[in-house]
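*Asks:* Encoded as structure tokens, here's the structure I'll be asking about.
What follows is calculated from the coordinates using simple rules that are stated; it is not laboratory data. The shown structure was predicted, so the numbers you read here are calculated from the model rather than taken from an experiment. Quick reminder, even Gly has a Cβ in these numbers, built from the backbone with ideal geometry, and neighbours come from all protein chains shown.
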Amino acid sequence: MNLRPDLAIIAEHVAPGSRILDVGCGDGALMAALRDTKGVDARGLEIDAGNVAAAVSRGLSVIQGDADRDLAEYPDASFDYAILSQTLQTAHRPDVVLDHLLRIGQQAFVSFPNFAHWRVRLSLLWGGRMPVTRLLPERWYDTPNIHHVTIDDFRSFVAERGIEVEGAWFLSGDKRTISAAANMLAEHAVFKLRKLSEIKEPTRPIRG
């Protein structure tokens, strides 16, 4: 599979034969790879009409829609995995989108660019301007990124909301990097998540 590095990580950890919903699926590259190599039943939601057409031309089941509006239409636990790659930071309400992912899927994969990477910090410190890099090529006024999340922000967010992190992978350029100091060293992050079940108090025997 010739996939973008974050998508390759996700593909590696999706179980064969599972059902997935790829939210913000782009041209369907991940869905096609999973269908062809793991027999996955893949469905996609994508906002860009050109990408939808490209995905459909691959024989994929993709509809045009907006994660901020349309995820509420999907029933609970209707997929094994809900996937959101490089889309969280573009959502108007990423917290609501993430809630829907974990409602729709038994597990969720989320990948995003890390805005605390040292190159971003250096650009702001020395140049005083929003960074433009290979992985963040848009300028401040035409970028689709409206929520500049960091790895530590995301870790704190999921901990506060009772979300279990089942796996986390970090990328520097196109290569994986260590989790230590990931907030400084990683350009992208991939998280595998599951909503923690409510813990019920054990039933106490009734004594006469």
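*Asks:* Over the range 32-119, with a single point scatterer placed on each C-alpha, what log10 of the ratio I(q)/I(0) does the Debye formula yield at q = 0.10, 0.12, 0.15, 0.19 1/Å?
*Replies:* Rounded to two decimals, the profile gives -0.28, -0.40, -0.62, -0.96.
*Asks:* Mind running the shape call on the range 40-82? Use the C-alpha gyration tensor, a ≥ b ≥ c as the square roots of the eigenvalues: rounded below 1.5 for a/c, prolate if a/b tops b/c, oblate otherwise.
*Replies:* Values: a/c = 3.21, a/b = 1.31, b/c = 2.45.
Oblate is the answer for the range 40-82, as a/c is 1.5 or above yet b/c matches or exceeds a/b.
*Asks:* Further, regarding this structure: Which value, in Å³ per residue, describes the convex hull spanned by the Cα atoms of the range 1-78? It would help to have the intermediate numbers written out before the result.
*Replies:* Working: hull volume 7.1 nm³, N = 78.
Once divided by residue count, the hull of the range 1-78 is 91 Å³.
*Asks:* How high is the relative contact order of the range 19-97, in percent, with contacts defined as C-alpha pairs under 8 Å that are six or more residues apart?
*Replies:* Working: 125 pairs, mean separation 27.7, N = 79.
Relative contact order, the range 19-97: 35 percent.
*Asks:* I'd like the distance between the alpha-carbon centres of the range 163-191 and the range 3-44, rounded to an integer number of Å.
*Replies:* Using only Cα atoms, the two centres lie 20 Å from each other.
*Asks:* Also, quick follow-up: How much net charge surrounds residue 99 when only the other residues with a Cβ under 10 Å from the Cβ of residue 99 are counted, with Lys and Arg +1 and Asp and Glu -1?
*Replies:* Values: positive: 93, 103, 161, 195; negative: 95.
Value of the local net charge: +3.
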